[in-house]
Amino acid sequence: MSRPYAWRPLGLLPILKTSALTVDNVAWQRHRRLDLYHRCMDPVIAELNELCAEDKYFRFADKKVRQGRCFWHLLSMDGLEIAATTMCNTDNCPVCECPKDELDRTDFLYPLRDSATVKARVEAAQAALLEPDGTIKRNCKKQVGHAMAAVVVYICLSWYDFII
Amino acid sequence: MGQVGDKERELKHKLRPRNAFLQAEGLNLPAACPREELHQFLIGLYGEYVIPSSMHKFIQVLRGKELYFGQGDFKRPLVTDQMLRAVWARLRDRLSSLDSSSSMVEVTTAYATHFTDMYVDKHTGKHMTGDRVRILLLTLPFLLRDLIAPEVWP
């Protein structure tokens, strides 16, 4: 596949620059950018899944027809692309459980992560912490909120005692 | 940090949005990522060990015992702090002057400043991705030489 038309652009992503957005919250922008990337990949992955689902017959250069099955693999990506694809921070290794301060160790094989386990753990956490529409459940937003509420109640009660 | 953030750190995976790649059938996404090259060699071995130890070696040589004036409390280094700072500034400028027509890589001034912040000023919040470290791997052996004297332009 060395011909120049062996690849095609799938689409153009809009620029999510701060100056082009009405919402200037950095966390929101980061989430929006990641969400956009993954929603763009949704139809691509659906088509690839369909393509790889069953065997196909291919005519090879020796003019023989052979039965084959498509498979797909990720191509070379740099750190930030891997972070966006795996939704893992660049501080961590997305592939294994190596802690950040031991990234230079080459003498030890850390337990490898696999998609099935990651997916199961993520889905369990999503069910526990997120609403069905993807927003964060009210009681999971900030634990510090409860502490602040307790302080406010304490102050109010103190003033109430003082007035009485 | 809320419970969601804590959980994301524990899982090394964001909970929002839904990861499209985990829907792919028969694809083990983490296993498909380049592990050895990315973290153990580029970021770990070269980025966190070889580059800082090269800088340390430079400072050791420039601040060697034989390169001091005076005795006792009056000892002062031949290579002053200002000269040492100029060495790293020279390295930064050389790095930022690389262009694709001569070196096959293009390095911006922002990248060179990031390099100085990370390795000279030891900024703990700065990091580099595997591909950014690869640029240093290709270029530093040619740049880390004759740094003590000012550049001589033809």
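Restricted to segment B:108-126, and to residues that are in a loop (DSSP other than H, G, I, E, B) and free of Cβ contacts under 8 Å to residues at least 12 places away in the same chain, which residue is farthest from A:Ile82 (Cα to Cα)? Going through the qualifying residues, I end up with B:Asp121. Scanning segment A:106-128 for residues that are within 7 Å of chain B (Cβ to nearest Cβ) and at pLDDT below 85 gives a single hit, A:Thr106.
When segment A:81-125 is filtered for residues that are surrounded by fewer than 19 Cβ atoms within 10 Å (Cβ to Cβ), within 11 Å of the chain's Cα centre (by Cα) and polar (S, T, N, Q), only A:Asn89 remains.
Check whether at least one residue in segment A:135-148 is at pLDDT below 85, farther than 19 Å from B:Gln23 by Cα and touching a Leu at 6+ places or on another chain (Cβ under 8 Å), and report yes or no. Checked against the condition, which is being at pLDDT below 85, farther than 19 Å from B:Gln23 by Cα and touching a Leu at 6+ places or on another chain (Cβ under 8 Å), segment A:135-148 yields at least one hit. Can you spot a residue in segment B:88-95 that is modelled with pLDDT of 90 or more, over 14 Å from the mean Cα position of the chain (by Cα) and surrounded by 17 or more Cβ atoms within 10 Å (Cβ to Cβ)? Yes, some residue in segment B:88-95 is modelled with pLDDT of 90 or more, over 14 Å from the mean Cα position of the chain (by Cα) and surrounded by 17 or more Cβ atoms within 10 Å (Cβ to Cβ). Going by the structure shown, is B:Gly64 crowded, with 18+ Cβ neighbours inside 10 Å and of a type in the set (Gly, Ala, Ser)? Taking the combined requirement at face value, the residue does not satisfy it. Taken together, the residues in segment B:2-61 that are loosely packed, with under 14 Cβ neighbours inside 10 Å, facing chain A (nearest Cβ under 7 Å) and touching a Ser or Thr at 6+ places or on another chain (Cβ under 9 Å) amount to 0.
The values are calculated or read from the model by the stated rules, or taken from the named source; none is laboratory data. Keep in mind it's a predicted model, so treat the numbers as computed, not measured. All Cβ positions, glycine included, derive from the backbone under ideal geometry; neighbour counts span all protein chains shown.
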